[in-house]
Amino acid sequence: MSDAERLDQQQADDQGYSRRSFIKGVIATGASVSAASYVLKNGAVVRAQAPGAVERLVTLSVNGLLRRVDVLPQETLATTLRYKLGLTGTKIGCDRSECGACTVLIDGVPHYGCSMLTHQVRGRAVQTIEGLEAADGTLHPVQQAVVDEQGFQCAFCMPGFVMNMVALVDENPNPTRKEAAHFLSGNLCRCADYNKILNVALRAAEYTRRG
């Protein structure tokens, strides 16, 4: 037996494992990262979990469906919706919580998708503009109001406004024009077509009252 083998055997006797068995265990796991990411626990090689680490594969509730998705710890909800789940109705404009183009509803409350981490919405209900239409194709009152009033010009900002309007009419189905303007003040329109946008909001409220 060589000196190295005798040393391994002595370590195995003293500690219950050897360097060689550790390396073999890492190789057996098919690891693609360094052996430093593994630890020995109860005689087996297991992946180390850094303090504060976040699980990457998570389940999200989006538009009434459970979606399993691989999410980076620092990934924003807007990025996940657009580039992981293909829900491109959620727009990314300023990407710093100023324009509102990425507005979605979380448990019925409007939030900027670009300023919320995806991991923050686990266990909560996320709704995007794709989830507003009924199963039979009936448009949401806000969507129907957009069609009837032709309230947007380039419409890049429209999904964010629509989602905020949904929250508006749910909270106050009979708003004044001033109240609607105040509620929607967190959304910006590049075309400055605010007069038509407010017409849409009031029409949507009217449709909501009718039921």
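The values are calculated or read from the model by the stated rules, or taken from the named source; none is laboratory data. Since the structure is predicted, the reported quantities are computational estimates derived from the model, not experimental observations. Don't worry about glycine lacking a Cβ; one is built from the backbone with ideal geometry, like all the others, and counts go over all protein chains shown. These area figures cover heavy atoms from the full protein model, side chains too; ligands, DNA and RNA do not enter into them. Shrake-Rupley method; radii C 1.70, N 1.55, O 1.52, S 1.80 Å.
Can you give me the % of accessible surface on region 57-131 that is carbon or sulfur? Probe 1.4 Å, all protein chains present, nothing else counted.
52 percent
Using the Cα centre of region 100-160 as the reference point, and only Cβ charges (+1 on K/R, -1 on D/E), how large is the resulting charge dipole? Debye, rounded to the nearest 20.
360 debye
Which GluC sites (Glu not before Pro) in region 108-211 sit in a loop by DSSP (not H, G, I, E or B) and have at most 16 other Cβ atoms within 10 Å of their own Cβ?
Those satisfying the criteria are Glu133.
For region 141-210, what is the charge dipole size about the Cα centre, in debye to the nearest 20, if Lys and Arg each add +1 at the Cβ and Asp and Glu each add -1 at the Cβ?
120 debye
Compute the length gained on full extension between Thr59 and Gln74: take 0.36 nm times their separation in residues and subtract their Cα-Cα distance, giving the result in nm to one decimal.
3.8 nm
Pick out, in residue order, every one of the trypsin sites (Lys or Arg not before Pro) in region 165-211 that is DSSP loop and has at most 16 other C-beta atoms within 10 Å; say none if there are none.
Arg190
Near the amide H of Thr76, under 5 Å away, which other amide H atoms are found, from residues 5 or more places off or on another chain, if H is placed in the peptide plane?
Thr118
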